[in-house]
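The values are calculated or read from the model by the stated rules, or taken from the named source; none is laboratory data. Keep in mind that what you see is a predicted model, and the values were worked out from it rather than measured. Cβ coordinates were reconstructed from backbone atoms using ideal geometry, including for glycine residues, and neighbour counts include every protein chain displayed. The area values use the complete protein model at the heavy-atom level, side chains included, leaving out ligands, DNA and RNA. Shrake-Rupley method; radii C 1.70, N 1.55, O 1.52, S 1.80 Å.
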Amino acid sequence: MAMAMAIRNAASRRTMSPISGEFGLRSMSSWWKSVEPAPKDPILGVTEAFLADPSPEKVNVGVGAYRDDNGKPVVLECVREAERRIAGTSFMEYLPMGGSAKMVEETLKLAYGDDSEFIKDKKIAAVQALSGTGACRLFADFQKRFCPGSQIYIPVPTWSNHHNIWRDAQVPQKTYHYYHPETKGLNFSGLMDDVKNAPEGSFFLLHACAHNPTGVDPTEEQWREISQLFKAKNHFPFFDMAYQGFASGDPARDAKSIRIFLEDGHHIGISQSYAKNMGLYGQRVGCLSVLCEDEKQAVAVKSQLQQLARPMYSNPPLHGAQIVSTILGDPQLKSLWLKEVKIMADRIIGMRTTLRESLEKLGSPLSWEHVTKQIGMFCYSGLTPEQVDRLTSQYHIYMTRNGRISMAGVTTGNVGYLANAIHEVSKSS
Amino acid sequence: MASSMLSLGSTSLLTREINKDKLKLGNSGSNPFLKAKSSSRVTMMTVAVKPSRFEGITMAPPDPILGVSEAFKADTNELKLNLGVGAYRTEELQPYVLNVVKKAENLMLERGDNKEYLPIEGLAAFNKATAELLFGANHPIIKEQKVATIQGLSGTGSLRLAAALIERYFPGAKVLISSPTWGNHKNIFNDAKVPWSEYRYYDPKTIGLDFEGMIADIKEAPEGSFILLHGCAHNPTGIDPTPEQWVKIADVIQEKNHIPFFDVAYQGFASGSLDEDAASVRLFAERGMEFFVAQSYSKNLGLYAERIGAINVVCSSADAATRVKSQLKRIARPMYSNPPVHGARIVANVVGDATMFNEWKAEMEMMAGRIKTVRQELYDSLVSKDKSGKDWSFILKQIGMFSFTGLNKAQSDNMTNKWHVYMTKDGRISLAGLSLAKCEYLADAIIDSYHNALLYWKTPIEL
């Protein structure tokens, strides 16, 4: 109290002096004149607009967060139970810079396999990260620091934040063909050509499963060919796996692409996220791993990843990591989780079928086969930005302008309305 | 053999055997794997022979603070004392989860809050609460919406967002940091590519503030530099400017058109009063200056591991604040998309409920009070045991978790090697790790190290 008063007295003495007027003037002109308002984030901006819309009919199929059939956010039962066990029991002391060792260990098992030799031999450098974004960013910074001349090849299209991440890490970007608008499927030959033509030893960003935003994944056979070509070209595969379990309902199956690459001897990097498959969105829980030649190298690489994390956030948040390790460390809870993930994946697969059937029943002149062929949370509808704008302005349906529909936001309650609106804006095209 | 295989970037001998009829090895540059429509499956474990990209990666240096804790753990002597720890401990030297935090968490559990993404800028209720705690609920700059506040990953994350903003909008501008300062400040500005230099701060002769040096160095810096200031409880020295000195610091900063940048990691934790500890920041706000403030709830709410803090940018207009906030979001999005919700909810719940808020204030007073008591006890022990007439009053003048003892490296080593007292080599001790019961022992150790270290260890004392 005394100090606050002393400062106030001292300050008021100061402002009475004639010179202070000059100071006052100078401090009023802003340092921030040149700061432009930033454009709204294309994905998160959609939710902002949705929230601001007063229409009772509004539908949010923008952001990729799962909703149940009532359109409500879901907290998994296994998560609630884990939280009950955690509450009040633990300290909140800093995690080490690399995060929760237990959580990381369980997470690696999911990606590399429960009995992975690489885990046993300690060849994987791994740290807890701030969900998928944080893992990708750590990797991008690591790539910049230790392979300074390198670029990153990013598929077209991809999650928009991938571009932001590697740009802010100052790693130059190149693109590779991925989505085929005509078939609304994979442009496999274009992809292979780009992989072949890239300089040897290039870094490639791959979506392990449930490609965001298209939902288009290579087949197993195609993954094997991609892997072989990568070997020939000595490319570095970096997998972003944000939807393990969420795509097919089976985590082992969803990690198939990664397992193929591991079998083929690649030293890969992986970003993993629990945002969707454990519904831990806001907790920001994920993991970055880099497979190294041996334990010694893994220790060195991990130490460098920690060095990058330290000046960004010092050490990662505890709560989400505790939830993950509680669930995955308990066979019953883990089994419950697997059930719940399958329920979510199945609901989405069911909605895909319903949406496609509804559009076909409406007599749409277009093919909607891709709605059920694509996989995961998102459907690349093929709608143009103008058609999307009409969906929003006329029907209060919110999605990103690339025509990406978050199937997680589709319910039995709104699928009819959605199909009708899509039909109306697209029937003349 | 090895080099030709490497130049193909290809597989082991075993795989080649399997694919023998499909491969056409040669120097034509054609890729053998593309000749086949689909390669036969490689079912064996393939050993990659190409050299690792990560060959040249060396071990990063160990963290200087963690090393102290590790050595402490390994020490079997029962008298050992860990004064390296930067986290509050009870008198029983146990970690402490505040009761009000447990209450808030139980409330959150009962309510069944969802786990949806926060917006990029974080939890609105938290942002409102944190700005009001800092400036006072009815402060004009809040009413006039002149503060851009976004939730950050504790103090570190908030500092990093600000550093990135500086790098982007003030290219070439320098940040002045105190000598010494928290070790991670340098890492943050280095990684954000913001140049920095130091201003004099700690005076080893007085074990106090080198105020003349500080003012001179701030004056000498190029106009429009950023000046990093510790709002209260300077880390690592525990030495804060007096109220009169703060006024003079504000004067010289305004004179030189510098931008103040406060790191407030101990609000409420230093004196026990949230308002008193915010006095320096509020002085600058009163001047109508534009400045940054990074906040952390690691210590004052004991939320260390939940990574909860905020970056505030005080602007001269609401329009500027809106624009600045949007650009801070643009920096955060490619770093972590949106911040973790748990710690933010705890803070918002505690601050938003009058009963819990008062409970928090009481617990904070208790924590700060324990540290003040321990300081007093240590001082009393030193004075009663040391007959040399050395002035130990700096222990009482310093504030917060840390204390710069004035011990040099040799003396600090003696503390550890002879007395099993673990501290950092710069002479910093953490009062948070000291109990009343251990004060006498610590006093003995300090007195012995100060006077006799040279005799024991035959190392020159650094002046």
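Anyone know which of A:G132, A:G416, A:G245 comes out most mobile in the 10 Å Cα GNM of chain A?
Result for chain A, Cα springs under 10 Å: A:G416 fluctuates most.
How many Å² of accessible area per residue for segment A:39-143, probe 1.4 Å?
Working: 4270 Å² over 105 residues.
I get 41 Å² per residue for segment A:39-143.
In debye, nearest 20, what is the charge dipole magnitude of the protein assembly as shown about its Cα centre with +1 on Lys and Arg Cβ and -1 on Asp and Glu Cβ, if you could check? Spell out each step's value before the answer.
On the way: 100 positive and 96 negative charges, 292 e Å.
Value, rounded to 20: 1400 debye.
If amide hydrogens are placed 1.01 Å from N in the peptide plane, which non-local residues have theirs closer than 5 Å to the one on B:R200?
B:D217
Pairs to check: B:K299/B:K329; B:K361/B:K397; B:K146/B:K299; A:K109/A:K184; B:K146/B:K219; A:K342/A:K373. Give those whose C-alpha atoms are more than 30 Å from each other in this structure. Before the final figure, lay out each step's value.
Numbers: B:K299/B:K329 26 Å; B:K361/B:K397 23 Å; B:K146/B:K299 27 Å; A:K109/A:K184 34 Å; B:K146/B:K219 28 Å; A:K342/A:K373 18 Å.
Exceeds cut-off: A:K109/A:K184.
Measuring with a 1.4 Å probe in the full set of protein chains, what accessible area per residue, in whole Å², belongs to segment A:170-242? Mind showing how you got there, number by number?
Working: 2360 Å² over 73 residues.
Result: 32 Å² of accessible area for each residue.
Test of understanding: extend the Cα→C-beta vector of B:L93 to 7 Å, then name every residue of segment A:62-95 with backbone N under 19 Å from that spot.
Inside the label zone: A:93-94.
Calculate the all-directions average of the projected area of segment B:117-352's alpha-carbon convex hull, and give it in nm². Before the final figure, lay out each step's value.
Details: hull surface 46.5 nm².
Here the figure is 11.6 nm², rounded to one decimal.
What order, most packed first, do the peptides A:198-204, B:406-412, B:308-314, A:288-294 have when packing is the mean number of other Cβ atoms within 10 Å of each residue? Write down the numbers at each step before the final one.
Values: A:198-204: 17.3, B:406-412: 20.3, B:308-314: 29.4, A:288-294: 23.0.
The most tightly packed comes first, giving B:308-314, A:288-294, B:406-412, A:198-204.
List the accessible area buried at the contact between B and A, summed over both sides and calculated with a 1.4 Å probe, in Å² to the nearest 100. Provide the component values of the computation, followed by the final result.
Working: alone 23000 and 20820 Å², together 34160 Å².
Using a 1.4 Å probe, the pair buries roughly 9700 Å².
How big, in percent, is the set of alpha carbon pairs in the protein assembly as shown lying more than 47 Å apart? All intermediate terms of the calculation are to be shown ahead of the outcome.
Details: 117189 of 397386 pairs.
Result: 29 percent of Cα pairs exceed 47 Å.
Enter the mean number of other protein chain beta carbons within 10 Å of the beta carbon of each residue in A:278-285, as an integer.
6
With a 1.4 Å probe and all protein chains left in place, how much of the accessible area of the protein assembly as shown comes from carbon and sulfur atoms, in whole percent?
Working: 18650 of 34160 Å².
Carbon and sulfur: 55 percent of the exposed surface of the protein assembly as shown.
What is the average number of partner chain Cβ atoms found within 10 Å of a Cβ in B:297-309?
Values: counts 0, 4, 0, 0, 1, 3, 4, 8, 15, 6, 11, 1, 1.
So the per-residue partner count for this stretch is 4.
Determine the per residue accessible area of segment B:152-293 with all protein chains present and a 1.4 angstrom probe, expressed in square angstrom.
Numbers: 4050 Å² over 142 residues.
Accessible surface, normalised per residue, equals 29 Å².
Mind checking B:117-124 for the average number of partner chain beta-carbons within 10 Å of each residue's beta-carbon? Display every interim value, and only then the final one.
On the way: counts 12, 3, 5, 4, 0, 0, 1, 0.
Counting Cβ atoms of other protein chains within 10 Å of each residue's Cβ and averaging gives 3.
Out of segment A:359-429, which GluC sites (Glu not before Pro) are coil in DSSP terms and have no more than 14 other C-beta atoms within 10 Å? Display every interim value, and only then the final one.
Details: sites: A:E360, A:E369, A:E386, A:E424; in loops: A:E369.
Passing sites in segment A:359-429 are A:E369.
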